[in-house]
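One structure is given below, encoded as structure tokens.
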């Protein structure tokens with residue numbers, strides 16, 4: 001069962017081998033799905049160093065993949081929700097544990113806003129060091145599409161960028177400026 005993971009992310013295979021069969025199948029499927037890119041990528045973490053590291057990793061991989069997309073940063077859940085409403089990112093990478101509005105509350109607020117305004121849902125990737133089954137279940141239930149370990153395993157960011165589908169852009173990219 002780990003073969004698809006090994007093909008995409010050989011460094012991730014060890015992690016996925018440790019998951020229960022049903023969870024492993026869900027995670028393998030998510031690794032194979034494409035992610036539509038029609039707006040900026042929003043990076044959310046209360047730790048500015050983590051934001052800078054993710055920004056740099058994503059920038060490098062986007063450059064390698066010749067993908068032009070703005071990266072926008074927020075340093076808390078409240079700011080993330082406001083920036084989401086202003087910029088309508090296609091991808092949100094959000095920390096789980098933050099003071100004030102945490103990643104769960106912010107994800108729920110974003111999903112509610114999308115629903116209330118009939119918007120195309122962003123791809124929300126929760127970013128956490130909490131690898132417990134309870135945290136995983138909570139993050140998926142609140143509306144996250146995927147969970148990324150903190151720090152991300154080697155090759156994860158490259159694999160994420162490799163799954164981005166820029167053909168889904170509708171010309172609105174030029175409206176998103178830093």
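Values as computed for the structure displayed
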quantity: In nm, spacing of pseudo-spin labels at residue 105 and residue 47 (7 Å Cα→C-beta vector); calculated: 2.1 nm
quantity: Cα-based shape type of the stretch 48-161, given that a ≥ b ≥ c are square roots of the gyration tensor eigenvalues and the cut on a/c is 1.5; calculated: oblate
quantity: Hull shadow area, averaged, the stretch 75-125 [alpha-carbon convex hull, nm²]; calculated: 3.0 nm²
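All of the numbers you see were taken from the coordinates with simple rules; none came from a lab. Keep in mind it's a predicted model, so treat the numbers as computed, not measured. Backbone-built Cβ (ideal geometry, glycine too); neighbour counts: all protein chains shown.
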